[in-house]
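Structure record follows, encoded as structure tokens.
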Amino acid sequence: MVEEVLDGLLSGADQAMVNAFTSGFRVTQVQTAISKSLPDPTATAAALESAQVVALGILVREQLQPAQFEAVYRPFASILPGPTYRAPAPIDQQIAAFLRMLPTLKGDVEAEVAAVARSLSQPARAATPGAAGGVPVIAAPTGLDPSANYTAAWKQVIATANQVGRTQAFRAMQDSAEQAAPHDGLGIVGFAGVAAGAIFMRDALPVEKVLLLYEPFASAFPYENLA
């Protein structure tokens, strides 16, 4: 995992720099800045943790493989383009690359795609008392439910396609991706159609919606590398 690689590299990094982004005044500055955009304390805490990981990734960037650094930096890539940022390829090229890569999904990589897809399709369970006095199941905080956000983003894509008169072409893109995806029972076919549909509507959507809908495939084919 990238997190384990990062931990190993940080042991040899400048400790003062590591401390600056994990404790003290610098953390307070970042937390204050984040809280202005995210008033929800839970969301602020999650964003702060993500920002710390990104900062530490930048600190050891020269020792990371490019793909590893992209994975670390990705949460902020649509807000603050990273050091290796390049403009995305034209939409048709991105879709063509995605369709070309889908049939190559196999083994552990495909299993990871399927696992992420399942997590995005399963609503968070409501908090319920644990059986026989066990630990209660904690529901995801409001606003941080991946399944709800994924579903809402997809509904926005469909509505936008209808509004701009692209429904027929939009459905054709979905069908092409679903046909190209492996049909081996792991359940990624429909998610491939969703990802392709999001790419097709990229120019009419906030980029964070596109990235969310593409998320199951992000580890296999990073969105930034579709060209």
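The values are calculated or read from the model by the stated rules, or taken from the named source; none is laboratory data. Here the structure is a predicted model, which is why all the values come from computation and not from measurement. Heads up, the Cβs are rebuilt from the backbone with ideal geometry, glycines too, and the neighbour counts pull from every protein chain shown.
Tabulated data
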quantity	calculated
Matching option when the condition is surrounded by fewer than 17 Cβ atoms within 10 Å (Cβ to Cβ), under 20 Å from the mean Cα position of the chain (by Cα) and touching a residue at least 12 places away in the same chain (Cβ under 8 Å), among GLY187, GLY193, GLY197	GLY187
Pairs, first within 17 Å of LEU212 (Cα to Cα) in the range 152-166, second small (Gly, Ala, Ser), C-beta under 9 Å, six or more apart	ALA153/ALA198; TRP154/GLY197; TRP154/ALA198; VAL157/GLY197; VAL157/ALA198; VAL157/ALA204; ILE158/GLY197; THR160/ALA204
Contacts under 7 angstrom Cβ, first residue in the range 113-130 being at pLDDT 85 or above, partner surrounded by 14 or more Cβ atoms within 10 Å (Cβ to Cβ) and among the β-branched types (Val, Ile, Thr), 6 or more apart	VAL113/ILE188; ALA114/ILE188; ALA117/ILE188
Tally of residues being assigned to a loop (DSSP other than H, G, I, E, B) and closer than 13 Å to ILE95 by Cβ across the range 199-213	1
Enumeration of residues in the range 14-40 that are of a type in the set (Gly, Ala, Ser), modelled with pLDDT under 75 and surrounded by 14 or more Cβ atoms within 10 Å (Cβ to Cβ)	ALA20
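Let's see how each residue does on (1) within 18 Å of GLU112 (Cα to Cα); (2) at pLDDT 95 or above:
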residue: ASN149; (1), (2): no, no
residue: LYS155; (1), (2): no, yes
residue: ILE158; (1), (2): no, yes
residue: GLN174; (1), (2): no, yes
residue: LEU186; (1), (2): yes, no
residue: PHE191; (1), (2): yes, yes
